[in-house]
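The values are calculated or read from the model by the stated rules, or taken from the named source; none is laboratory data. Computed from a predicted model, the values in this text were never measured in an experiment. For neighbour counting, all protein chains shown are included, and Cβ atoms are generated from backbone atoms with ideal geometry for every residue, glycine included. For the accessible areas, the whole protein counts, side chains as well, though only heavy atoms, and no ligand, DNA or RNA atoms are used. Shrake-Rupley method; radii C 1.70, N 1.55, O 1.52, S 1.80 Å.
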Amino acid sequence: DAGVTQSPTHLIKTRGQHVTLRCSPISGHKSVSWYQQVLGQGPQFIFQYYEKEERGRGNFPDRFSARQFPNYSSELNVNALLLGDSALYLCASSLGDRVNGYTFGSGTRLTVV
Amino acid sequence: AQSVSQHNHHVILSEAASLELGCNYSYGGTVNLFWYVQYPGQHLQLLLKYFSGDPLVKGIKGFEAEFIKSKFSFNLRKPSVQWSDTAEYFCAVKDRDDKIIFGKGTRLHILP
């Protein structure tokens, strides 16, 4: 079984540009969450989607948006990139119930220059 | 807001030493607790989780954690560490909205 897959693995963007990160959850998982991990910190929650509906949003500016598709894959979009957006962006999927944890992908390393 | 505190940012041990990493959380309701590990260059992996029942939880690779409700703690332990345990360890809590809140992590370095 494939795990959570994210693309691309690495990305370099210029300040002011826009970026789209993609995530495919484990087959059968209906919940997808996005996290930002800055070097030296724990992952910070950005968004959670379940059955294509936004279930939660962390403390991130409106430049960050996401969506989930009918096949449960997801995209994270970031507009008007800032240097401070440089981080590892993690996607995690779960069954969406309360008794299971999340399985994380390897992440997308975004560098904004 | 829920929060997770990890007491040690950086721990250095020799092989065969015993390990205990501290974790405290602020959420007062029913909690689901996790420890994740991130080996160098790899993705986050679940070490163990607590949802209910026996407060002593056993995970992979010889790790265990004890949930102490009165202390809001969920410390990670291993009786004898190996060089391959060098990694970053994250304590996390799942809140009532089903999102996972992570601590800042503890970098563990095992000397061969």
Quick query: amide H of B:Glu15 versus all other amide H atoms, modeled in the peptide plane; which residues come in under 5 Å with a sequence gap of 5 or more or a different chain? B:Leu111
What's the percent breakdown of Cα-Cα distances in the range A:64-113 across 5 Å bins, shortest bin first? 5, 16, 22, 23, 17, 10, 5, 2, 0
Share of Cα-Cα pairs in chain B lying beyond 22 Å, as whole percent: 26
Students often check this: by mean Cβ neighbours within 10 Å, which of A:105-113, B:80-88 ranks highest, and how do the rest follow? A:105-113, B:80-88
Once you've got the GNM for chain A with C-alpha springs shorter than 10 Å, pick whichever of A:Asn71, A:Asn79, A:Asn59 has the biggest mean-square fluctuation. A:Asn59
Please average, across the residues of B:96-105, the number of beta carbons from any other chain that are within 10 Å of each residue's own beta carbon, and give a whole number. 6
Inter-site label distance for B:Ile68 and B:Leu13 at 7 Å from Cα along Cβ, in nm: 1.7
Treating cross-link reach as a plain straight distance, find the aspartates and glutamates whose alpha-carbon is under 12 Å from the alpha-carbon of B:Lys61, omitting any fewer than eight places away in the same chain. B:Asp85
Charge tally in the Cβ shell below 15 Å around A:Gln17, where Lys, Arg are +1 and Asp, Glu are -1, A:Gln17 excluded: +2
Normalised convex hull volume, the range A:22-113, alpha-carbon set, Å³ per residue: 96
Counting only protein chains, not ligands or nucleic acids, how are B:Lys71, A:Lys30 ordered by accessible area (probe 1.4 Å), most first? B:Lys71, A:Lys30
With label points built 7 Å along Cα→Cβ from the Cα atoms of A:Asn77 and B:Thr30, find their separation and express it in nm. 3.7
Estimated D of the protein assembly as shown in µm² per second, where Rh is the Kirkwood radius over Cα pairs and Stokes-Einstein applies at 25 °C, 0.890 mPa s: 136
Which residue fluctuates most in the GNM of chain B (Cα springs below 10 Å): B:Phe90, B:Phe51, B:Phe63? B:Phe51
Given R₀ = 22 Å, FRET efficiency for A:His18-A:Glu51 by Cβ-Cβ distance, to 0.05? 0.25
